[in-house]
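The values are calculated or read from the model by the stated rules, or taken from the named source; none is laboratory data. If you're wondering where the values come from, they're calculated on a predicted model, not measured in any experiment. FYI the Cβ positions are ideal-geometry reconstructions off the backbone, even for glycines, and counts take in every protein chain you see.
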Amino acid sequence: MSVKISPSILGANFCNLEQDIKVLEQHAVPVLHLDVMDGHFVPNITFGPDQIKMLRSVTAKMEFDAHLMVTDADSLLARLADAGVDSVTVHGEACPHLYRTLTTIKNLGMKAGVALNPATPIDTIKHVGHMLDRVLIMTVEPGFGGQKFIPGMLDKIAELNQYKQEKSLGFSIQVDGGINLGNIAEVVRHGASDIVIGSSMFNGSLEKNIQDFYAALK
């Protein structure tokens, strides 16, 4: 199984973003994870489509993966597509018409995903699994970086992986929250194939951290 590393700029120093993105690109890191928060769905505010468009001017190569932790995801979709976002992940709790939201994402030419909070059951995706390019399992409560991994989420990753295999579904399993060098291999063993890394990637030497995380996956 090929495993993707997706650095989350939530853990970065925003004063150094352009330089950091160039370092990631030089090391062939394929995805940049963008946590969009509105201060309502989660108690934090980050950035929106305008700022993402500025980041897109720094790199044309990296996939931009936007995770929307917002109350009104639908209102942002067209602007995110225009900003150069390649994939969008939404929360079912914020999308009362989830099928329609996912259809809109696809029609805008982006990949579509659904995020599951720690207490959100896997059944949430039961009727839309065939539409998904990824399912994101949150292994912390969303809203802030630097939190500790919730150990019980390993079983949830394994459960989702089993469900995916049983139903022959094609989505990737993404994991976000508290990932570090000490637990990344275990997360992958339980079925994750796309690992979001925030604070542990950007604290200290970015170049060394990239090398260490890839080494941990070997």
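When 50, 86, 38, 72 are checked against the criterion of being out of contact with any Lys or Arg (no Cβ under 6 Å at 6 or more places or on another chain), acidic (Asp, Glu), under 20 Å from residue 172 (Cβ atoms) and at pLDDT 95 or above, 86 stands alone in meeting it.
Kindly evaluate residue 174 against the criterion of being closer than 21 Å to residue 24 by Cα and out of contact with any Ser or Thr (no Cβ under 6 Å at 6 or more places or on another chain). Spelling it out, residue 174 is indeed closer than 21 Å to residue 24 by Cα and out of contact with any Ser or Thr (no Cβ under 6 Å at 6 or more places or on another chain).
Selection over the range 171-218 of residues that are free of Cβ contacts under 8 Å to residues at least 12 places away in the same chain and not polar (S, T, N, Q) gives a count of 6. Listed conditions (1) under 23 Å from residue 132 (Cβ atoms); (2) surrounded by 20 or more Cβ atoms within 10 Å (Cβ to Cβ); (3) at pLDDT 95 or above are all met by residue 200, apart from (1). Name every residue in the range 6-40 that is touching a strand residue (DSSP E or B) at 6+ places or on another chain (Cβ under 8 Å), touching a residue at least 60 places away in the same chain (Cβ under 8 Å) and in a loop (DSSP other than H, G, I, E, B), in order of residue number. Answer for the range 6-40, where residues must be touching a strand residue (DSSP E or B) at 6+ places or on another chain (Cβ under 8 Å), touching a residue at least 60 places away in the same chain (Cβ under 8 Å) and in a loop (DSSP other than H, G, I, E, B): just 29. Of the residues making up the range 1-25, those that are surrounded by 16 or more Cβ atoms within 10 Å (Cβ to Cβ) and small (Gly, Ala, Ser) are 6, 8, 11, 12.
Among the residues of the range 155-172, is there at least one that is over 22 Å from residue 43 (Cα atoms) and in contact with a Leu (Cβ under 7 Å, 6 or more places away or on another chain)?
Taking the range 155-172 first, the residues over 22 Å from residue 43 (Cα atoms) are 155-172.
Keeping just the survivors that are in contact with a Leu (Cβ under 7 Å, 6 or more places away or on another chain) gives 171.
Checked the range 155-172: at least one residue is over 22 Å from residue 43 (Cα atoms) and in contact with a Leu (Cβ under 7 Å, 6 or more places away or on another chain).
Under the condition of being buried (at least 21 other Cβ atoms within 10 Å of the Cβ) and either at pLDDT below 95 or among the β-branched types (Val, Ile, Thr) (or both), which residue from the range 124-138 is nearest to residue 179 (Cα to Cα)? Checked the range 124-138; the qualifying residue nearest to residue 179 (Cα to Cα) is 137. Note on the range 41-97: residues that are within 16 Å of the chain's Cα centre (by Cα), in a loop (DSSP other than H, G, I, E, B) and among the aromatic types (Phe, Trp, Tyr) amount to 1. Taking the conditions exactly as written (in contact with a His (Cβ under 6 Å, 6 or more places away or on another chain) and free of Cβ contacts under 8 Å to residues at least 60 places away in the same chain), does residue 154 satisfy them or not? Spelling it out, residue 154 is indeed in contact with a His (Cβ under 6 Å, 6 or more places away or on another chain) and free of Cβ contacts under 8 Å to residues at least 60 places away in the same chain.
What strands (runs of 3 or more DSSP E), lying completely within the range 103-218, carry at least 2 residues that are over 19 Å from residue 11 (Cβ atoms)? Let's see the steps before the verdict.
Numbers: elements: 111-116, 134-138, 172-176, 194-197.
Strands (runs of 3 or more DSSP E) meeting the threshold: 111-116, 134-138, 172-176.
Tell me, yes or no, whether the range 8-15 has at least one residue that is under 18 Å from the mean Cα position of the chain (by Cα), of a type outside the set (Phe, Trp, Tyr) and over 30 Å from residue 208 (Cα atoms). No.
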